[in-house]
Structure formats: C-alpha cells, structure tokens
Amino acid sequence: MSDVTTTPGLVSGTTQPKRDIGIKKRYAAERRFKLYGLLAISIGILFLLLLMWSVISKGYTAFQQTAINLPITFSEDIIDPKKERATNPQVLMMANYPRLARDGLLAELGIDPTDKKNRKLVRAAGKMVSAGSRVQLRELVVADPSLIGKTIPVWVLASGDVDSAFKGQVDLSVEEKRRKISDQQVAWMNQLAEDGTLVKRFNTGLFTFGASSRPETAGVGVAIIGSLYMMLIVLVLALPIGVAASIYLEEFAPKNRWTDMIEVNINNLAAVPSIVFGLLGLAVFINFAGLPRSASLVGGLVLTLMTLPTIIIATRAALKAVPPSIRAAALGVGASRTQMVFHHVLPLAAPGILTGTIIGLAQALGETAPLLLIGMVAFVVGYPSSPMDPATALPVQIFMWANEAERGFVERTSGAIIILLGFLAVMNITAILLRRRFERRW
Amino acid sequence: MKTLTYTAAMLVASAALTGAASARDQVQIAGSSTVLPYAKIVAESFGEVFPSFKTPIVESGGSSGGLKEFCRGVGPQTIDIANSSRSIRESEIAACAENGVTEIQEIRIGYDGIVFATDIDGPDFELTPKDVYLALASQIVVDGKAVANPNVKWSDVNPDLPDWDITAYIPGEKHGTREVFEDKLLEIGCEEAGDKQVHMDGGMDKKAAGKACIAVRKDGRAVDIDGDYTETLARVDSNKTGVGVFGLAFYENNADKLKVATVNDVTPDTETIAAGEYPVSRPLFFYVKKAHLGVIPGLKEYVEFFTSDQMIGPDSPLAEYGLVSAPDEERDEIRENFADGKLL
C-alpha cells in the first residue's frame, strides 16, 4: 500500500483525499480464491488422469488377443472313428476337437505326434492352444459336416499363458519352473510369430464371449446383455412411477404432515446404502414372489427401487423450476389442472426429468452390491434369452475378474472397466446434450 | 406415457406369473471363493462336453453364505449345490433340517494347501508352526508368564529367520482359510512352545487356553485380509518385507512374483500335500441337495462329471490349477458314496 493514498492532506488541494476501502485487499482475496478453485480442480483432474492412466495402461492390451492360424485337418478318425454320425448326431457334439487343434499346431511345428519319444513335446504343444478350440471347431463341423476329411486354415486362440507371455506380461527372466510357460513353449511362440502364424488380432471375443475360467475365452457379452435388460426394466418401471409420484406430490398433493413425511422418506431412501435394496429384493422378489435367482428381471426390479428416489428428486426439482406464471396463464385461459400439467408444465420440465433419469440409470449401471444377494454375482456362461434367465452385470464381471488368479485376467479387468466407463460416458454426454438442446431459460 | 405404463404393468404381471410356474433347467451353485475357481472350470467343461445341458451358474459368497442359501429350503428357487472350504457345521445341518432340507450328500473334491509366501527377491523363509505362533500370537509366555507379544523381528522369533520386521497378511475371520490357519499353525505352535500347558496350569480350562492360543496380535503386525488373495498379493507387492498367506493354487499361478516358505522343512506342492507331509492343508467340499437330483436337469450328471477322474484325478484340469487330488481309493469311495445316495 503506497503512502500517498494513506496519508490524505499531505498534498494540498490538488488530489482529493481517498478513503481506504481495501480495494487491493479485496482483489488479493479474489485472486487467492481463484487460485484455491484452480487448485481444487487440478487435484481433481490429477486424480482422474491417474485413474485413467492406470486403467488404460493396464487395460488397452485386453482389446488384442493372440491367435494362431493353423491348418486344421478335420480327420474322420478323430471326429467319428466308428462312422456313426448319420445315425447318432451326438457323435459330432462329443468328439475330441481339442486334439484336432493340437495336431494342427504339431503339423505347423513339424513334430510327429505318433512318435512315442515326442510325448512330452506333444503335451507342451497341446497347452499352447486354448481349450476353447473345442467349441470353436465343433461349431464349424456342426454347421458344415462336409468339412470332415478336409484341411482348412482356422484362426485358433492361443492359450492364456501364451497370450500373457506374448504381450510381455510374464517375467521370462525368472527360472523356468516358476512360470506357467516353458522355455520350449516360448521358443515355439517366437518361431510361430516370426512365420506370421501367431499374431495379435482385435479381440472380438472380449465383447461376445460369456464368463469363462480361461482368460482367453472370457468376455463381457453376457454381462452387457444382462446390464441392458436391467437398464430397460429400470427405465420402463422407474420413469413412469417416478414421474407420476413427483407430479402428484408437486402439483396435486396438499401440503400437510403426511406429504412432509413422504418427502423426508424419499430423501432418506436416496441415501440408503444399496446393499439394503439387495436384502429387500431377496426377501420380496425371490423368497416371497418366487422369481428365479440370478435373473436380470429381479436385478432390474431391485435397481428400480434404488433409482426411484433419485428420479423423483430430479423430477420434482425440474417441475419446481417451471415458473408459476406458466401455470397461472394456463389456468387463466380455462385449462384444467391436468391439462395444465400435461400440456405445459411437463413438456417444459422434460429435459430436467430426462437428465435426472439418465443420471439415475448410470448410477444403477455401476451398482454391484445389491446384485450380490440376489445371486447375480455369478459365473454365467450362456447368453440369457429373456430377463428371466440367469445373467450377470458389467460391474459384477469386473469384480469377479479382479479376484481371478491368472495373469490374463489382470488386463481383462481393466479392459472391462474401460468398456463400462465408455457406457457411462455415453450416457452422461447424452444427458448433457439433451439438457443443452431442450433447456428453456426464463 | 400411457403405452409405457401399460408395458410396465404387463412386464410385472407376466414376470410374476411365469416366475411362479417355471421350473429351472440349469444347475445353480453358490459358496466358497476357494472352491469357486474349481467349480467354474468344471461348470464350463460340463457345458462344453454335454451340450444338451445348460452350463451351471456358479455364485461366490463364501462357505457360510453358500450354506445359508443352500439351507433356505427345497424347490427350484433355492440352490442345488453349496461349495465349502470346510465341512458343514452341526448348527447348519440343524438349520437345513428346519427348512426341510434333510437329505444332504457330502462330496469331498480334494485338498487345498495354505502357503506362506514373500516377494520373489526376498531371502528364504523356513518356518515352523512354533515360529508362526511366536510371531503372530497376541500373547506369548515369557519366563512362565503370559505377556503381550514382544517380538518385533522374525529374527527375534528364530535366529535362523531373516532380520525383517514382522508384517504378515493373514486371511480375515470370515474366511474358511482362517480356521485352518488357527488349527494347523497357531494352536499346534502354541502346544509346541508349551504355552498351552502354561495357560492351563494358570487356571484356564482347555477351551479358554485354546482360545488364548489362536488370538492374533492386534498391534498392526498381523493384518487381516478380508478380500481375496489378489489383495494379499497387492500388499506383498507394495511391502517387500511382508509375508502373505495364500492358497496353493493362487501361489502357483503367481510363482514368478512370489517365493514360497517351507513349513517344517517341507516345500508345499501337490505331491507333499497329497502325501500328508506338508502340515497346513484342508479338504474341500461341496454339498448336494438330494431332493433336487432327478428334478433339476443335469444335476446328477454335473456331480458325476465333477467327481470323475477326468476332473479331479491327478492329471486333470483341476489338479493343474492347484487342487491336490485325493488318493485313488478315496476318489473311488467318493464316487461310490454318491452313487449309493449316502447321506450326511
């Protein structure tokens, strides 16, 4: 602070004496406050970046999968040694398909499987191909039985251990017996990679497969379908119920002790830990109503209960934001209260309601705890054909993979997190766009 | 809005109707997280080998949680099989019977070893139950008196052990593993050290002395891990002088990061556990609701498939994952008992 301003009267007449109103101090306070704000945001961004970095750096490899291009001979001696497939279709289902894949790899490596001396090599080679080849080759043969007797090139998945080693996730410098992949197998892997038969391809299986105990054939397919079913049920149930409840409370209900109590309860329910809704779901939907365990229908119902308070609170806020003049004008020109609500108030509040609904849905999409008790934290391989069938959900799949021992599941856990974050981002961006597009300001 | 409400109403109505009427066509399993990986492997292979049956659903939730669901009653909305890393308790059998689950078949699938492991770059650990007890018990006997555990370093316990601060990550009290840890290490170590006798001479009855033996120190040197072994691994990863307790299968899958400790000079592996030389092992079980056999399609076949040598034999996928196979005669006996319908 300079002396001139603080000592009035020293310079006679020419300058007016100034009162100290602390302008500099106030500017400094403002600058400080801005700095704190910036600091707060940077800390937030720093943690976000840290999270993204840790997830993406670990997870991006999950979107690629090591596969081997093998000439598979669909030998009749292995698939149908007794030549009875015409009368007994079961033969094609039960045949020893993994052996076809193994023999294909042996042919590629130039090892004779019939030579007794090679037994150890044959075993080691067999472990390089995923056991998922059974289903893959079976589907090929069942779809087209004329393949039997022919040799065609097929992309077969490499086993999880080979996949992890090829991606550099296994420390190959430790002694051989401490790792899941032997020196011989690493040598074969490098040889096949040089020939171009063993390559990393885009991992479509991550999106299409169901749960699996083998990392290479594990995917989030069933989880995505289960989550979609649940979101659909939540949307179809929670939106109309929530909107109807809020309209009644906001526009029609008298203000008395009962409605006050309801309001307090709704606000309370919004803060209840989600596991409580799981307990409720177990007691009401499964034990009392007899709905099947692990079904996405029950999951959807539980999540509906959980999302309802969020939607009601958001909807009531949106309805409150519509200016009373609009209501007065509508009533003034002779509209009934119902007409006022449905013709004027609701359309104007719609963007706010939709935003609230989408945020509620996004919250429900990321929920695991209530699903634990109704049996959706489960190992589900087959696709659910309806909401009544067992299924699991995306966050549950992440939780289950995080607990797996195999190395291959580490990248898959992060990969699944990236997928979930993608869905959440899309939903939240939609909410923002809807608000931008339809929001009215008065 | 109207159509939406109608659809909602229809959905709820149809769900309530079909739900009550439909029987299940898929085996449902819940229980121990130790048995879970094995059950998953079997369920998946079962679905692949028998395409006419749907792949069973396997839930986790812990041994106690699984048995609780199991004992909820009989009928398609209850589970068929409970996986367990310990044998069923009397109280649970009683709870089952109260809800009409009177016919339970017990199936022993093999053995699991519990190992101590440190970071791979650490020194060798050669433990005995006595060392573990002296390092981790809450009270030990010094000069004939029970005092709060004074040991700070492993070398205080036994001069042959490394000069590391004691930090051990042990299974939390919810885990079935904890029971084995208490019975096979702390209690035996307590007896070997002679502390149990001192407790009893000091006026405790046998039960109280046993309880005093298995009390774990709470000063932060023994850390309960309530999560899975993945969490234990992460702790050992970040604290290079920490000692973690793992299942054998988990250790074998991460042997490039961990170094295993010997107990009584025996290195844990499938052979030493099968031979009974390695002291810290336990049997694994699952329990089948007999009333559901023949009602739920695939249940009988699943159990038969699980107990077959191609799944739990010495050269099977489960053995490869880390299960210690039961001896040949025991496996035959398991299969016979199931076929004869032997009950608990």
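Only one of A:VAL298, A:VAL333 is free of Cβ contacts under 8 Å to residues at least 12 places away in the same chain and of a type in the set (Val, Ile, Thr). Can you tell me which?
A:VAL333
Kindly indicate the residue of the range A:330-355 that is part of a helix (DSSP H, G or I) and small (Gly, Ala, Ser) and also surrounded by the fewest Cβ atoms within 10 Å (Cβ to Cβ) among those meeting that condition.
Within the range A:330-355, the match that is surrounded by the fewest Cβ atoms within 10 Å (Cβ to Cβ) is A:GLY332.
Residue-wise test of (1) in contact with a helix residue (DSSP H, G or I) (Cβ under 9 Å, 6 or more places away or on another chain); (2) free of Cβ contacts under 8 Å to residues at least 40 places away in the same chain.
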residue: A:ALA62; (1), (2): yes, no
residue: A:ILE68; (1), (2): yes, no
residue: A:THR73; (1), (2): yes, no
residue: A:GLU76; (1), (2): no, no
residue: A:VAL91; (1), (2): yes, yes
residue: A:ALA101; (1), (2): yes, no
residue: A:LEU106; (1), (2): yes, yes
residue: A:LEU109; (1), (2): yes, no
residue: A:LYS116; (1), (2): no, yes
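Identify all residues within the range A:228-256 that are of a type in the set (Phe, Trp, Tyr) and closer than 19 Å to A:LYS320 by Cβ; write none if there are none.
Selection gives A:TYR248, A:PHE252.
Could you tell me whether B:VAL324 is touching a residue at least 40 places away in the same chain (Cβ under 8 Å), assigned by TED's automatic domain parsing to the domain that holds B:PRO51 and closer than 19 Å to A:LYS180 by Cβ?
yes
Condition first: at the interface with chain B (Cβ under 9 Å from one of its Cβ atoms) and either basic (Lys, Arg) or closer than 18 Å to A:GLY299 by Cβ (or both). Now tell me which residues in the range A:393-430 satisfy that.
A:MET400, A:ARG407
Say we look at the range B:33-48 and pick out the residues that are more than 7 Å from every other protein chain (Cβ to nearest Cβ) and either among the hydrophobic types (A, V, I, L, M, F, W, C) or in contact with a Lys or Arg (Cβ under 8 Å, 6 or more places away or on another chain) (or both); which of these is nearest to B:SER281 (Cα to Cα)?
Among those residues, the one meeting the criterion is B:VAL35.
Yes or no: A:ALA405 in contact (Cβ under 8 Å) with a residue 60 or more places away in the chain, over 24 Å from A:ALA270 (Cβ atoms) and outside the structural domain of A:SER159 (by TED's automatic domain parsing)?
Spelling it out, it is not the case that A:ALA405 is in contact (Cβ under 8 Å) with a residue 60 or more places away in the chain, over 24 Å from A:ALA270 (Cβ atoms) and outside the structural domain of A:SER159 (by TED's automatic domain parsing).
Among the helices (runs of 4 or more DSSP H) contained in the range A:146-252, which hold 3 or more residues that are away from chain B (no Cβ under 14 Å) and under 30 Å from A:LEU301 (Cβ atoms)?
By residue number, A:205-208, A:221-247.
Within the range B:53-73, is even one residue at the interface with chain A (Cβ under 8 Å from one of its Cβ atoms), at pLDDT 85 or above, part of a loop (DSSP other than H, G, I, E, B) and farther than 21 Å from A:PHE288 by Cα?
Yes, the conditions are met somewhere in the range B:53-73.
Tell me, which residue of the range A:222-244 that is touching a residue at least 12 places away in the same chain (Cβ under 8 Å) and surrounded by fewer than 19 Cβ atoms within 10 Å (Cβ to Cβ) is farthest from A:GLY356 (Cα to Cα)?
A:LEU232
Might you check whether a residue that is in a strand (DSSP E or B), small (Gly, Ala, Ser) and within 20 Å of B:ASN83 (Cα to Cα) occurs anywhere in the range B:281-291?
Yes, the range B:281-291 contains at least one residue that is in a strand (DSSP E or B), small (Gly, Ala, Ser) and within 20 Å of B:ASN83 (Cα to Cα).
Output the qualifying pairs, or none if there are none: Cβ atoms under 8 angstrom, residues six or more apart or on different chains, first residue in the range B:210-232 and more than 18 Å from B:ILE166 (Cβ to Cβ) and without any contact (Cβ under 8 Å) to a residue 24 or more places away in the chain, second residue crowded, with 19+ Cβ neighbours inside 10 Å and charged (D, E, K, R).
B:GLY210/B:GLU187; B:GLY210/B:LYS196; B:THR230/A:GLU404
Residue-by-condition table, conditions (1) within 13 Å of the chain's Cα centre (by Cα); (2) in contact (Cβ under 8 Å) with a residue 40 or more places away in the chain:
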{"position": "B:GLN26", "(1), (2)": "no, yes"}
{"position": "B:GLY31", "(1), (2)": "yes, yes"}
{"position": "B:LEU36", "(1), (2)": "yes, yes"}
{"position": "B:ALA43", "(1), (2)": "no, yes"}
{"position": "B:GLY47", "(1), (2)": "no, no"}
{"position": "B:PHE50", "(1), (2)": "no, yes"}
{"position": "B:ILE57", "(1), (2)": "no, no"}
{"position": "B:GLY65", "(1), (2)": "yes, no"}
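For the range B:302-332, give me each residue that is among the charged types (D, E, K, R) and in contact with a strand residue (DSSP E or B) (Cβ under 9 Å, 6 or more places away or on another chain).
Matches in the range B:302-332: B:GLU330, B:ARG331.
Can you name every one of the helices (runs of 4 or more DSSP H) wholly within the range A:72-120 that holds 3 or more residues which are touching a strand residue (DSSP E or B) at 6+ places or on another chain (Cβ under 7 Å)?
The qualifying helices (runs of 4 or more DSSP H) are A:97-109.
Among the candidates B:GLY227, B:GLY203, B:GLY220, single out the residue that is assigned to a loop (DSSP other than H, G, I, E, B) and under 23 Å from B:ARG282 (Cα atoms).
Answer to the check: B:GLY227.
Residue check: is B:ASN239 surrounded by fewer than 17 Cβ atoms within 10 Å (Cβ to Cβ) and of a type in the set (S, T, N, Q)?
yes
Could you please find all residues in the range B:292-325 being of a type in the set (A, V, I, L, M), part of a helix (DSSP H, G or I) and farther than 24 Å from B:GLY100 by Cα?
Matches in the range B:292-325: B:MET311, B:ILE312, B:LEU318, B:ALA319.
Can B:PHE70 be described as surrounded by 20 or more Cβ atoms within 10 Å (Cβ to Cβ), more than 23 Å from A:GLU406 (Cβ to Cβ) and of a type in the set (Phe, Trp, Tyr)?
So B:PHE70 passes the test.
In the range A:350-383, what residues are more than 13 Å from chain B (Cβ to nearest Cβ) and among the hydroxyl-bearing types (Ser, Thr, Tyr)?
A:THR355
The values are calculated or read from the model by the stated rules, or taken from the named source; none is laboratory data. All figures in this text were calculated on a predicted structure; none of them were measured in a lab. Counting neighbours? That spans all protein chains shown, and the Cβs are built from the backbone with ideal geometry, glycine included.
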